[in-house]
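This report refers to the structure that appears directly beneath it.
The values are calculated or read from the model by the stated rules, or taken from the named source; none is laboratory data. Here the structure is a predicted model, which means the values were calculated and not measured. Counting neighbours? That spans all protein chains shown, and the Cβs are built from the backbone with ideal geometry, glycine included. Calculation scope for accessible area: heavy atoms of the full protein, side chains included, ligands and nucleic acids excluded. Shrake-Rupley method; radii C 1.70, N 1.55, O 1.52, S 1.80 Å.
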Amino acid sequence: MAPVRVIITEKDNAARRIADILSDGTADAERRNGVNVYRWGGTRVVGLSGHVVGLDFPPEYENWRDVEPVELIDAEVVTEPTQENIVRTLSELAAEADEVVIATDYDREGELIGKEAYELVREVFDGPIERVRFSSITDREVHEAFDNPDDLDFDLAAAGEARQVIDLIWGAALTRFLSLSARQLGNDFISVGRVQSPTLKLIVDREREIEAFDPETYWELFADLTKDGDTFEAQYFYDDDGSEAERVWDEEVATTVNETVESADTATVTSVSRRTRTDSPPDPFNTTAFISAAGSLGYSAQRAMSIAEDLYTAGYVTYPRTDNTVYPDDLDPEALLDSFVGTDEFGDDAESLLALEDIEPTEGDEETTDHPPIHPTGELPAWGDLEEDEWNVYELIVRRFFATVAEAATWEHLRVVAEADGHTLKANGKRLVEEGYHAVYPYSSASENVVPDLEEGETLAIADVDLAEKETQPPRRYGQSRLIKQMEKMGIGTKATRHHIIEKLYDRGYIEDDPPQPTKLAEAVVDAAEAFADLVVSEEMTAQLERDMTAIAEGEATYEEVTEESREMLRRVFAELRESQEEIGDHLQESLKADRRLGPCPECGDELLVRRSRQGSYFVGCDGFPDCRFTLPLPSTGEPLVLEEHCEDHDTNHVKMLAGRDTFVHGCPRCAAAEADESEDRILGACPECGGEHDGELAIKQLRSGSRLAGCTRYPDCEYSLPLPRRGDIEITDEYCEEHDLPELVVQDGDEPWELGCPVCNYQEYQARQAIDDLEDLNGVGPATAEKLADAGVDSPEDLTDVDPDDLAQRTQGVTAETVREWQAELAG
DNA sequence: GCAAGGTC
């Protein structure tokens, strides 16, 4: 029998592709414990899912109240499997092996993941374990790597382990300390970490600048100049110590200049200069640049990455987590362009690019070896495979690739200076001469500003003069993609995690809205950290860690030395922290309250706060509880956000409910309650549930929480209810639904009334749409597949669960029984 | 229940 060789990769996708290359396409896939194993001859290839084990403290440290946070510094740290199925599969395979090859990603974290696999394998296998390294999964590189196997680099892996343990100890000890100090346990704990906290400080610092900003008034003067009927705008400027200045800070001066220019009537051209500027095509996409470009299309960092991951899994684009901005040698741009020829969307652009004399892609500064820049694979989605957002992102990636092989654009800049009674005016024109890459990449601005051709000495008429009073503006808040760029610049986080960090800040209640705005809690956390644990909010902690990790990897320091030194620093931090624990806790609690404060309680004058019930739902309650029991309900969907905006009548802040796409402004909770109290139920007809037996009636009801429904008048004895839209006036028409014997409804909202129809039919249609949406959430189900399934009688997840896979495959073209089983497994899990 | 890093 042939010796059994087991190859371990970092992820399933890499396993499949490596098996394909090494087996020359003959490998078969089988499932073991729900994990894909690719096999041919004596070889088995299995993909991990990144880290399959994780670090944690032993169970005796589990309870936050029973353990002093400082004890975590010297607590034992244990490694536990986190992906049971994969770990079990790996053990089973290793037990049968004669030879094991580790082929995880070629970077530090990959070496650590490889070492984790090594340890698991060693428990059941004492034969040879080799390590192969390759930068990209191509025929040549993979064969070369497997022909020249190496050993695992334990020093490099130890560098990664040091990072893990330092992050855990600092993060857990400080998180528990702050949470306990502020008595915030459970879901609303107060977290701190090496990457999240410096990121949060960036946002908080910017907010501090904005708050401290003192606007200054200045004036700018614009004049419309005319030549042969062509009018263009010019701006006044003056010489300020050798540099050009447009802003006039003195009102008197501004008025004088304005009067002089206005009475001048004409201006004489004193200089005309032309120059052409080359506008180079952009670099290939790394993760950060991609997130930024997708951001200008309106996608959040999280959403952009999630779509890119789906496109990657479906095989349309390369791996989206990369720092690399240089295409690898084996990428053949012509061949890739070729694959788009003949398509409706991209065919013409691909052909125009192929017609260029030489095709030389642009290169960025960063060249790494793990993954190529994000580009299309050349495997094209068929029409209907992608939803609109997926298509938009896919098109962006395709067009970015096009742009990187396109030619530079050329602009002609025309600068004209004219003089009007001793004052100078300038106009800058900009004209696109060669469209270049803009022809295939319409995302970056290519707007022109036309200034007519002029010559020195010409006289221009002054058509209009405008003196504008302006104010200096505070710095702008960071948008998500700007934040990610800044993190990259500071060297914190990684390409795969930066967008998760932003999401974490939202989840922890540190930032709200988009662009993110820090809460009072965030400011207090940063305050506390700055005062007592400055290192954890500074980028220096990561810089120091990077230096230490390099030292470990190069054998100049050990894992023990580095982690002990870090522990010692944290001990010193805790010595100071503990002295001020009470003060820190009070400040945090006060800030938490400030984020939830709405206004005065109408019953006792104390403060109304947004609170959370034991069941987890939000409501408005009085801070005077239990003496004062005044409450108001809030809508049941989403997380409440207290807005700056507030209601004059009740001196109460407005509330916004954050619920992703369903986010809405609830407004003043006291107004909502008052409105409900004043409104009368409007009867529609007999209650479909109890109308026959108990004479219950269906009525439109306005609830104190602001929502509206069609419910039974016998509530709570009969709980029948149908949801109605929150906004707009509902009109009851004379038309009746024959099936349900209820009137059709029309909603007046904005300019266009829309027909809601019979409320029962409307709800049924809504449920059907929901079911289809749920189906489309499944892996690989787009609108086209959903339609095919509906034709076969499957239009909800329940239908799919109940169906016989082989039978459905028979009746549905292009869907295999295997795929149906996977969907069923997905639904079950 | 804590972090950050993989991957889905």
**OP:** Report yes if A:A254 is of a type outside the set (K, R) and in a strand (DSSP E or B), otherwise no.
**Re:** no
Original post:
Among the residues of the range A:459-474, is there at least one that is loosely packed, with under 12 Cβ neighbours inside 10 Å and within 16 Å of DNA strand B (Cβ to nearest atom)?
Top reply: no
**OP:** Hey, could you check the range A:660-699 for residues that are part of a strand (DSSP E or B) and touching a Ser or Thr at 6+ places or on another chain (Cβ under 9 Å) and say which is surrounded by the most Cβ atoms within 10 Å (Cβ to Cβ)?
**Re:** A:L698
Original post:
Taking the range A:171-201 on its own, how many of its residues are out of contact with any Gly (no Cβ under 6 Å at 6 or more places or on another chain) and near DNA strand B (Cβ under 7 Å from one of its atoms)?
Top reply: 12
**OP:** May I ask you to say which residue of A:D167, A:D188 is farther than 30 Å from A:T256 by Cα, in contact with a Lys or Arg (Cβ under 7 Å, 6 or more places away or on another chain) and either surrounded by fewer than 21 Cβ atoms within 10 Å (Cβ to Cβ) or β-branched (V, I, T) (or both)?
**Re:** A:D167
Original post:
Tell me, which residue of the range A:90-135 that is in a strand (DSSP E or B) and in contact (Cβ under 8 Å) with a residue 40 or more places away in the chain is nearest to DNA strand B (Cβ to nearest atom)?
Top reply: A:A103
Original post:
Which is surrounded by fewer than 18 Cβ atoms within 10 Å (Cβ to Cβ) and free of Cβ contacts under 8 Å to residues at least 40 places away in the same chain, of A:E412, A:E435?
Top reply: A:E435
Original post:
Within the set of pairs 6+ apart or on separate chains, which have a first residue in the range A:480-499 that is under 20 Å from A:E367 (Cβ atoms), a second that is among the hydroxyl-bearing types (S, T, Y) and near DNA strand B (Cβ under 9 Å from one of its atoms), and C-beta atoms under 6 Å apart?
Top reply: A:G491/A:T542
Original post:
If you check A:P320 against the conditions, is it within 16 Å of DNA strand B (Cβ to nearest atom) and in a loop (DSSP other than H, G, I, E, B)?
Top reply: yes
**OP:** Report, by residue number, each residue of the range A:195-237 that is assigned to a strand (DSSP E or B), aromatic (F, W, Y) and modelled with pLDDT of 95 or more.
**Re:** A:Y218, A:W219, A:F222, A:Y236, A:F237
Original post:
Residue check: is A:L483 away from DNA strand B (no atom under 13 Å from the Cβ), closer than 30 Å to A:I307 by Cα and buried (at least 20 other Cβ atoms within 10 Å of the Cβ)?
Top reply: yes
Original post:
Here are some conditions: (1) open to solvent by less than 60 Å² (accessible area, probe 1.4 Å); (2) within 16 Å of DNA strand B (Cβ to nearest atom). A:T494 meets all but one. Which one does it not meet?
Top reply: (1)
Subject >> Members of the range A:733-770 that are assigned to a loop (DSSP other than H, G, I, E, B), modelled with pLDDT under 80 and exposed (fewer than 12 other Cβ atoms within 10 Å of the Cβ) >> reply: A:G750, A:D751, A:E752
Subject >> Wholly within the range A:6-73, strands (runs of 3 or more DSSP E) carrying at least 1 residues that are near DNA strand B (Cβ under 7 Å from one of its atoms) and either surrounded by fewer than 17 Cβ atoms within 10 Å (Cβ to Cβ) or touching a residue at least 24 places away in the same chain (Cβ under 8 Å) (or both) >> reply: A:43-47, A:53-56
Original post:
Is there a residue in the range A:145-161 that is within 16 Å of DNA strand B (Cβ to nearest atom) and polar (S, T, N, Q)?
Top reply: no
**OP:** Check A:S296, A:S352, A:S280, A:S292 and return the single one that is within 21 Å of A:V440 (Cα to Cα), surrounded by fewer than 14 Cβ atoms within 10 Å (Cβ to Cβ), at pLDDT 95 or above and away from DNA strand B (no atom under 16 Å from the Cβ).
**Re:** A:S280
**OP:** State whether the residues of the range A:127-140 include one that is over 35 Å from the mean Cα position of the chain (by Cα), within 25 Å of A:N324 (Cβ to Cβ), surrounded by fewer than 22 Cβ atoms within 10 Å (Cβ to Cβ) and at pLDDT below 95.
**Re:** yes
